[in-house]
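Here the structure comes first, spelled out in structure tokens, and everything after it is commentary.
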Amino acid sequence: MSSIQNTLGPVTSVIGAQWGDEGKGKIVDILASEYDVIARACGGANAGHTIVVEGEKHVFHLMPSGCLHAGKDIVLGSGLVIHLPTLLKEIATLEEHGISIIDRLHISKAAHIVFDYHKEVDGVLEDQREEPIGTTKRGIGPAYMDKAARTGVRMERLGEDLSSVITNRVDPIKKNYGVDVDAATEIQNLKDAHAKIGSCICDTVEFLAKARSAGKTILVEGAQAVLLDIDHGTYPFVTSSSTTLAGALQGLGLPPMAVTSCIGVAKAYCTRVGEGDFATEAEGDAEERLRERGGEYGSTTGRPRRTGWLNIDQLNETQALNGFTGWNVTKLDVLDEEEVIPVMINSKLEELPGWKSSTAGLTSFEELPENAQKYIKRIEEETGVPATFIGTGPGREEMITKT
Ligand code: GDP
Ligand code: IMO
Ligand code: MG
């Protein structure tokens with residue numbers, strides 16, 4: 001067992017602790033080499049998880065970020081809503097890179113299908129809202145609406161002739177939302193998907209249970225983030241799934257007692273894409289400076305992300321919900337040029353001193369400038385959670401590990 005696994009144990013989970021885009025993909029990619037099974041639990045192609053390997057950038061929307069590691073079992077769990085053409089495109093891109101996936105991909109028969117019309121309906125609902133949420137328009141809300149209404153179509157039906165199911169939806173969707181359903185394309189998408197991934201659809205709860213019995217290790221890749229959780233987030237400016245550790249375990253059907261660690265991923269500052277309250281949002285030059293230094297443009301939609309400062313009070317709220325065993329504080333390097341760094345602690349915006357020197361690419365805590373060390377230690381003290389991982393750049397190697 002490696003030292004990382006000694007610390008994290010056989011079932012670990014990576015959960016976003018802010019409003020998404022904290023850098024979950026990168027830590028999952030790093031840890032994936034140590035785990036046998038990598039699983040996505042909830043959400044859909046609203047996620048955009050970026051990893052940078054040897055200077056090449058890869059963005060995944062549905063596939064877990066660990067999928068670049070050959071031979072790992074990949075699970076798409078029951079809590080997911082899956083847009084089939086997007087999944088097929090990701091598989092095709094992997095195959096173009098010489099990475100075969102079909103023989104190690106396990107898709108839950110209980111995951112729901114996102115149709116193209118769900119995306120259209122997403123747009124219509126946004127237009128109708130007095131206060132739009134700023135959704136990713138990936139059809140997530142409407143697909144979960146169907147799931148909750150028990151009118152959704154699950155992956156287990158992919159092999160059936162679903163023509164009448166689709167054609168029966170054309171009229172009601174036109175009537176309710178003014179959306180034209182392209183039934184022929186939807187039906188063709190189902191056929192194409194069945195031909196490519198039909199063999200991957202299975203009982204993933206059983207698969208994971210058997211994997212655990214056989215002593216295999218499991219890495220759970222959370223999507224979205226705690227402040228976007230449908231129950232515990234900043235409602236109504238949230239997504240439609242449960243984004244906490246508990247939600248991930250539910251989405252996968254993993255027994256809660258199985259989990260041995262949970263890494264909360266938080267940027268050293270904060271961003272939000274979409275609408276809603278953002279108490280520590282930066283003003284003036286700082287907003288743009290953080291965006292440019294951090295490359296803060298949405299991985300899914302390309303939208304400029306709103307930027308601001310770390311809110312430790314919110315980290316404490318997310319800690320109360322998830323019981324993180326360690327933080328991955330990401331993108332510390334983005335703060336390298338700041339004179340002072342505002343941080344929300346106990347409802348007050350304190351200014352901590354910056355370090356005005358480069359942390360880019362550093363891999364040991366001792367090498368960090370003194371004020372950067374103090375910054376991390378303050379997060380640890382205020383939250384009572386150790387910063388096990390500290391990100392100093394987008395690349396796979398640019399990470400400090402304190403185990
Ligand atoms: P995710 O949705 O949580 O996986 O995060 P995204 O991939 O949407 O956004 C995180 C962005 O930050 C990506 O462009 C990553 O390549 C980048 N990134 C991750 N960690 C670091 C870091 O420590 N430093 C810097 N500069 N960039 C990072
Ligand atoms: P990852 O996994 C950042 C946000 C959207 C919008 C709200 C609802 O990359 O961190 P939705 O399309 O889900 O109905 O949109 O949630 N949102 C995200 N923001 N990162 C994400 O995923 C997000 N997934 C959804 O911007 O505000
Ligand atoms: Mg993202």
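The values are calculated or read from the model by the stated rules, or taken from the named source; none is laboratory data. Quick caveat, the model's predicted, so the values are computed rather than measured. Using ideal geometry, Cβ is built from the backbone for each residue, glycine included, and neighbour counts are taken over all protein chains shown.
Within region 211-223, can one find any residue that is within 16 Å of ligand 3 (Cβ to nearest atom) and not in a strand (DSSP E or B)?
From region 211-223, those within 16 Å of ligand 3 (Cβ to nearest atom) are 221-223; that's our starting set.
From what is left, the residues that are not in a strand (DSSP E or B) are 222-223.
Yes: region 211-223 contains one or more residues that are within 16 Å of ligand 3 (Cβ to nearest atom) and not in a strand (DSSP E or B).
Please indicate, with yes or no, whether at least one residue in region 246-260 is within 16 Å of ligand 1 (Cβ to nearest atom), of a type in the set (Val, Ile, Thr) and not in a helix (DSSP H, G or I).
Within region 246-260 (the criterion being within 16 Å of ligand 1 (Cβ to nearest atom), of a type in the set (Val, Ile, Thr) and not in a helix (DSSP H, G or I)), the answer is no, since none of the residues qualifies.
What are the pairs with Cβ atoms under 8 angstrom where one residue, in region 346-368, is without any contact (Cβ under 8 Å) to a residue 12 or more places away in the chain and the other, located anywhere, is in a strand (DSSP E or B)? Sequence gap at least six, or different chains.
GLU350/PRO342; GLU350/VAL343; GLU350/MET344; GLU351/VAL340; GLU351/ILE341; GLU351/PRO342; GLU351/VAL343
Cβ-Cβ under 7 Å, sequence separation 6+ or interchain: first residue in region 211-237 and in contact (Cβ under 8 Å) with a residue 24 or more places away in the chain, partner among the basic types (Lys, Arg) and surrounded by 20 or more Cβ atoms within 10 Å (Cβ to Cβ). Which pairs?
GLU221/LYS24; GLU221/ARG40; GLY222/LYS24; ALA223/ARG40
Identify all residues within region 9-59 that are more than 10 Å from ligand 1 (Cβ to nearest atom), surrounded by fewer than 24 Cβ atoms within 10 Å (Cβ to Cβ) and part of a loop (DSSP other than H, G, I, E, B); write none if there are none.
Those that are more than 10 Å from ligand 1 (Cβ to nearest atom), surrounded by fewer than 24 Cβ atoms within 10 Å (Cβ to Cβ) and part of a loop (DSSP other than H, G, I, E, B): GLY9, PRO10, SER33, GLU34, ASP36, GLU54, GLY55.
Does SER261 qualify as being touching a residue at least 12 places away in the same chain (Cβ under 8 Å), within 16 Å of ligand 3 (Cβ to nearest atom) and surrounded by fewer than 21 Cβ atoms within 10 Å (Cβ to Cβ)? Give the derivation first.
Values: touching a residue at least 12 places away in the same chain (Cβ under 8 Å): yes; within 16 Å of ligand 3 (Cβ to nearest atom): no; surrounded by fewer than 21 Cβ atoms within 10 Å (Cβ to Cβ): yes.
Against the criterion (touching a residue at least 12 places away in the same chain (Cβ under 8 Å), within 16 Å of ligand 3 (Cβ to nearest atom) and surrounded by fewer than 21 Cβ atoms within 10 Å (Cβ to Cβ)), SER261 does not qualify.
From the set of residues in region 272-321 that are within 16 Å of ligand 3 (Cβ to nearest atom) and of a type in the set (D, E, K, R), which is modelled with the lowest pLDDT?
Across region 272-321, the extreme among qualifying residues is ARG303.
Within region 127-165, can you find the residues that are hydrophobic (A, V, I, L, M, F, W, C) and either free of Cβ contacts under 8 Å to residues at least 12 places away in the same chain or out of contact with any strand residue (DSSP E or B) (no Cβ under 7 Å at 6 or more places or on another chain) (or both)? Show your work before the answer.
Kept after step one, since they are hydrophobic (A, V, I, L, M, F, W, C), are these residues of region 127-165: 133, 140, 143, 145, 148-149, 153, 155, 158, 162, 165.
Listed by number, the residues that qualify are ILE133, MET145, ALA148, ALA149, LEU162, VAL165.
Only one of these conditions is not met by GLY71: (1) within 12 Å of ligand 3 (Cβ to nearest atom); (2) on the phi > 0 side of the Ramachandran plot. Which number is it?
The single condition GLY71 does not satisfy is (1).
What pairs come out if I take residues in region 380-395 that are over 11 Å from ASP333 (Cβ atoms) and pair them with residues that are among the acidic types (Asp, Glu) whose C-beta lies under 7 Å away, six or more apart or interchain?
Taking only residues 6 or more apart or on different chains, the pairs are PRO386/GLU380; ALA387/GLU380.
Might you check whether a residue that is part of a helix (DSSP H, G or I), of a type in the set (D, E, K, R), in contact (Cβ under 8 Å) with a residue 24 or more places away in the chain and crowded, with 18+ Cβ neighbours inside 10 Å occurs anywhere in region 69-79? Before you say what the answer is, go through the steps one by one.
Within region 69-79, the subset part of a helix (DSSP H, G or I) is none.
No: zero hits.
May I ask you to list the residues in region 389-398 that are over 19 Å from the mean Cα position of the chain (by Cα) and surrounded by 15 or more Cβ atoms within 10 Å (Cβ to Cβ)? Write out each step before concluding.
Step one: list which residues in region 389-398 are over 19 Å from the mean Cα position of the chain (by Cα), which gives 392, 397-398.
Within region 389-398, THR392, GLU398 meet the criteria.
Residues to consider are ARG150, ARG138, ARG169, ARG104; find the one that is basic (Lys, Arg) and within 17 Å of LEU76 (Cα to Cα).
ARG104
Which condition breaks for THR300 when tested against (1) within 16 Å of ligand 2 (Cβ to nearest atom); (2) in contact (Cβ under 8 Å) with a residue 60 or more places away in the chain; (3) surrounded by fewer than 17 Cβ atoms within 10 Å (Cβ to Cβ)?
(3)
Taking the options GLU130, GLU160, name whichever one is more than 24 Å from THR239 (Cβ to Cβ), more than 26 Å from the chain's Cα centre (by Cα), modelled with pLDDT of 95 or more and part of a loop (DSSP other than H, G, I, E, B). Don't jump to the end; show me each part of the working.
Details: GLU130 fails: more than 24 Å from THR239 (Cβ to Cβ).
Sole residue among the options that is more than 24 Å from THR239 (Cβ to Cβ), more than 26 Å from the chain's Cα centre (by Cα), modelled with pLDDT of 95 or more and part of a loop (DSSP other than H, G, I, E, B): GLU160.
Can you tell me which residues in region 1-36 are over 20 Å from LEU321 (Cα atoms), more than 13 Å from ligand 3 (Cβ to nearest atom) and of a type in the set (Val, Ile, Thr)?
Result: ILE4, THR7, ILE30.
Over 18 Å from ALA279 (Cα atoms) and of a type outside the set (Gly, Ala, Ser), is that true of GLU317?
Numbers: over 18 Å from ALA279 (Cα atoms): no; of a type outside the set (Gly, Ala, Ser): yes.
Answer is no for this residue.
Checking the condition within 16 Å of ligand 2 (Cβ to nearest atom) and not polar (S, T, N, Q), which residue from PRO394, PRO369, PRO386 passes? Please lay out each step first, then the result.
On the way: PRO369 fails: within 16 Å of ligand 2 (Cβ to nearest atom); PRO386 fails: within 16 Å of ligand 2 (Cβ to nearest atom).
It is PRO394.
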